[in-house]
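S.K.: The following block contains the structure, expressed as C-alpha cells.
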Amino acid sequence: MAPTLPPGFRFGVATAAYQIEGAVSDDGRGESIWDRFSHTPGKVVGGETGDVACDHYHRWRDDLDLMQALGAEAYRFSIAWPRVLPAGDGEPNPAGIAFYRELAEGLRERGIEPIATLYHWDLPQALQDRGGWAARETAERFAEYAALIAAELGDVVTEWITVNEPWVVAIVGHAHGSKAPGISDWPTALRVSHHLLLGHGLATQALSGAEVGITLNLAPVHGDPEAARRWDGHLNRWFLDPVLRGEYPADMVELYEREYGPLDCVKDGDLATIATPTGFLGVNYYTPIRVREDESERPLRAAQVEPGPPTTTMGWEVAPEGLTELLLRVRADYGDVPIAITENGAAYEDPPADNGSVEDPERTAYLESHLAALRVAMDAGVDVRRYCVWSFLDNFEWEHGYDQRFGIVHVDYATQRRVPKRSARFYRDYIRAARGD
Ligand code: FCB
C-alpha cells in the first residue's frame, strides 16, 4: 500500500441485520419478508432461518469490542425496518430505535464510524401484504421510515446507504424468485426496480444534510459483445443511469417494453427524484459476469457462462482485476463520483476453529488481491473513500443458509463463539501498515 491514503479514507467491515441479529421476536420487532420466506419450506438450504443467526442483538457489545480489536475504522450495518416500524408504517417501536442508537453510540465510543443501511432486504411483511415494492406506496413508506430514522439517529449516524443492491431485490426476489418475497414475474420485477430507485431518491431527500448513497452490485460483463451489452444494461446501466444521469438507458427501455409493454410505473418527475444528488455511490463487487448469446433466455436473450477456476464456494470467479476495471469504467462513463466499496469478500470452506484459530489462506489472498486492485484504481485517480469487507462475521447467507461462510471472524453457531480467522489478522495488519503504524 502506498503511504498516502486520501484524507478521510476508512477501512471497514460490513454486515446486515437479518443475517446477524437473530432475536426476531424480541422487544416488539415485526415480521419481515425474510422471516416469512425462510420459514417457508424449501426456500432456504437446510430449512435454516435468521431466527437466531449470530445472536448479535444480544452480543453486540462484544462484537463491537472485537471489531475494534481488529482495527476496523468503519462499520456498515443495516437497520431492520420491522424492528423500528413493526407494521412498516404507523407507530414506531422505541425499543428498536434504542437498539440502533446504542449500537451507533457504541461504535463512536470505540472510534468506529457508523454507516447505516436503511434497506438490506428485510421489508416489513405488513407492507408486502399491501403489495410490497411492486406498489408505489412502498417507496413513500420508505421515505417516511428514512425521515423517522434521520430524526431519531441523525445526530449519531451521519453516513447512510438507502437501498442495498436494488438489482438483487428486484430481479432475484421478483423475477428469479429465489430470494424473498419469492415472486417469479419479470414485469413485477421491473416495477419493483423502479420503486426501489424512487424510494432511494425520496429517502435521499429525507436524509438531506447527511452523507447519503445507494449501494449497487456492479460487475464488468464479458462475452459475446451484444449479449454482454444487454447484460451490462440490465445489471449496471439500469441502475447507474437513473441515479447518476436521471434517465433509463434507451436500449434497455426498448428491450423491456418490447417484451412486457409500457413501463407505465415511471411517472413524471420520478427520474428527477431518483437523480437527487448524493454524496457517494456505494459499490459491492464480488465477481465479473460472463455471458453468451442464448435466444431461449427471456428477456435478455443471453445466458450466464459458468466460470472456470479459481472460484469461491459460491461458484463466483475470483478476478481482482475486475474491481479495477469496474471502477475505471464508472469514472469514464459517469465522471468523478466519490465511491464507497460497501462490500467485497469471499465464501470458502474453512477448517474448524478447534484450536482457537482458523486458517483461511484463500480468503486472505482474495482480500489482499482485491485491496491491491482497489489501490490501482485509486492511483489512477478514482475517488474511493471507503472499503468494507463482507463480512465481519460468518452469517445467514440468505437462501444458502449458514453453509456459505463469508466472515473474517468464524462463528460457531452452536456456542456463538467468535474466532478471528487469519484473514482478520491480515486485515488488521494491512490497516496498520496503511496507517504507517
Ligand atoms: C450481497 C449482499 C450481502 C451478502 C453478500 C454475499 O449480495 O448484499 O448481504 O449476501 O452478497
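The values are calculated or read from the model by the stated rules, or taken from the named source; none is laboratory data. Owing to the predicted nature of the structure, the values given are computational and were not obtained by experimental measurement. Every residue, glycine as well, gets a Cβ built from its backbone with ideal geometry; the counts of neighbours run over all protein chains shown. Side chains are part of the model used for accessible areas, which takes the heavy atoms of the whole protein and leaves out ligands, DNA and RNA. Shrake-Rupley method; radii C 1.70, N 1.55, O 1.52, S 1.80 Å.
S.K.: Would you check which residues across the range 1-34 are more than 16 Å from the ligand (Cβ to nearest atom) and outside any loop (DSSP other than H, G, I, E, B) and list them?
M.R.: R10, F11, D26, D27, G28
S.K.: Please go through the range 254-310 and give me each residue that is assigned to a strand (DSSP E or B), buried (at least 20 other Cβ atoms within 10 Å of the Cβ) and away from the ligand (no atom under 16 Å from the Cβ), ordered by number.
M.R.: Of the residues in the range 254-310, the ones assigned to a strand (DSSP E or B) are 281-284, 289-293, 302-304.
Adding the requirement that they be buried (at least 20 other Cβ atoms within 10 Å of the Cβ) leaves 281-284, 289-291, 302.
Result: R290, V291, A302.
S.K.: Only one of A372, A353, A380, A365 is modelled with pLDDT under 95, surrounded by fewer than 22 Cβ atoms within 10 Å (Cβ to Cβ) and away from the ligand (no atom under 16 Å from the Cβ). Can you tell me which? Walk me through it before giving the result.
M.R.: Working: A372 fails: modelled with pLDDT under 95; A380 fails: modelled with pLDDT under 95; A365 fails: modelled with pLDDT under 95.
That would be A353, the only listed residue that is modelled with pLDDT under 95, surrounded by fewer than 22 Cβ atoms within 10 Å (Cβ to Cβ) and away from the ligand (no atom under 16 Å from the Cβ).
S.K.: Would you check if W60 is under 24 Å from T158 (Cβ atoms), touching a helix residue (DSSP H, G or I) at 6+ places or on another chain (Cβ under 9 Å) and part of a loop (DSSP other than H, G, I, E, B)? Step through it out loud before you land on a result.
M.R.: On the way: under 24 Å from T158 (Cβ atoms): yes; touching a helix residue (DSSP H, G or I) at 6+ places or on another chain (Cβ under 9 Å): yes; part of a loop (DSSP other than H, G, I, E, B): no.
Here the answer is no, as W60 does not meet what is asked.
S.K.: Now a separate question. If you take the residues in the range 383-437 that are part of a loop (DSSP other than H, G, I, E, B) and small (G, A, S), which one is surrounded by the most Cβ atoms within 10 Å (Cβ to Cβ)? Talk me through it step by step, then tell me what you get.
M.R.: Step one: list which residues in the range 383-437 are part of a loop (DSSP other than H, G, I, E, B), which gives 383, 391-392, 394-397, 401-408, 413-416, 435-437.
Checking which are small (G, A, S) leaves us with 391, 401, 407, 414, 436.
Details: S391: 24, G401: 16, G407: 29, A414: 6, G436: 9.
Of everything passing the filter in the range 383-437, G407 is surrounded by the most Cβ atoms within 10 Å (Cβ to Cβ).
The rows are residues; the columns are (1) open to solvent by less than 40 Å² (accessible area, probe 1.4 Å); (2) not in a helix (DSSP H, G or I).
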{"residue": "F37", "(1), (2)": "yes, no"}
{"residue": "C54", "(1), (2)": "yes, yes"}
{"residue": "L64", "(1), (2)": "yes, no"}
{"residue": "E105", "(1), (2)": "no, no"}
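S.K.: For the range 77-103, what are the residues that are of a type in the set (S, T, N, Q) and either more than 24 Å from D51 (Cβ to Cβ) or surrounded by fewer than 20 Cβ atoms within 10 Å (Cβ to Cβ) (or both)? Give the steps one after another, and end with the answer.
M.R.: Within the range 77-103, the subset of a type in the set (S, T, N, Q) is 78, 93.
Within the range 77-103, N93 is the sole residue that qualifies.
S.K.: Looking only at the range 220-244, which residues are without any contact (Cβ under 8 Å) to a residue 40 or more places away in the chain, within 21 Å of W316 (Cα to Cα) and out of contact with any helix residue (DSSP H, G or I) (no Cβ under 7 Å at 6 or more places or on another chain)? Please lay out each step first, then the result.
M.R.: First, the residues of the range 220-244 that are without any contact (Cβ under 8 Å) to a residue 40 or more places away in the chain: 225, 229, 232-233, 236-237, 241.
Going one step further and asking which of them are within 21 Å of W316 (Cα to Cα), we end up with 229, 232-233, 236.
Listed by number, the residues that qualify are R229, D232, N236.
S.K.: Restricting to the range 182-218, give me the number of residues that are within 16 Å of the ligand (Cβ to nearest atom), outside any helix (DSSP H, G or I) and either open to solvent by 10 Å² or more (accessible area, probe 1.4 Å) or in contact with a helix residue (DSSP H, G or I) (Cβ under 8 Å, 6 or more places away or on another chain) (or both).
M.R.: 4
S.K.: Closer than 22 Å to V330 by Cβ, in contact (Cβ under 8 Å) with a residue 24 or more places away in the chain and open to solvent by 10 Å² or more (accessible area, probe 1.4 Å): is that true of W121 in this structure? Talk me through it step by step, then tell me what you get.
M.R.: Working: closer than 22 Å to V330 by Cβ: no; in contact (Cβ under 8 Å) with a residue 24 or more places away in the chain: yes; open to solvent by 10 Å² or more (accessible area, probe 1.4 Å): yes.
Judged against the criteria, W121 is not a match.
S.K.: Let me ask something else about it. Can you tell me how many residues within the range 158-168 are open to solvent by 10 Å² or more (accessible area, probe 1.4 Å) and either closer than 18 Å to G233 by Cα or of a type in the set (G, A, S) (or both)?
M.R.: Taking the range 158-168 as the starting set, the residues that turn out to be open to solvent by 10 Å² or more (accessible area, probe 1.4 Å) are 158-159, 165, 167-168.
In the following step, the residues that additionally are either closer than 18 Å to G233 by Cα or of a type in the set (G, A, S) (or both) were identified as 165, 167-168.
Qualifying residue count, the range 158-168: 3.
S.K.: If I ask for residues that are hydroxyl-bearing (S, T, Y) and more than 24 Å from E343 (Cα to Cα), which ones from the range 106-144 would you list?
M.R.: If the condition is that a residue be hydroxyl-bearing (S, T, Y) and more than 24 Å from E343 (Cα to Cα), then T138 is the only one that fits.
S.K.: For the range 340-350, indicate whether the set of residues that are more than 15 Å from the ligand (Cβ to nearest atom), in contact with a strand residue (DSSP E or B) (Cβ under 8 Å, 6 or more places away or on another chain) and part of a loop (DSSP other than H, G, I, E, B) is non-empty.
M.R.: Within the range 340-350, one or more residues are more than 15 Å from the ligand (Cβ to nearest atom), in contact with a strand residue (DSSP E or B) (Cβ under 8 Å, 6 or more places away or on another chain) and part of a loop (DSSP other than H, G, I, E, B).
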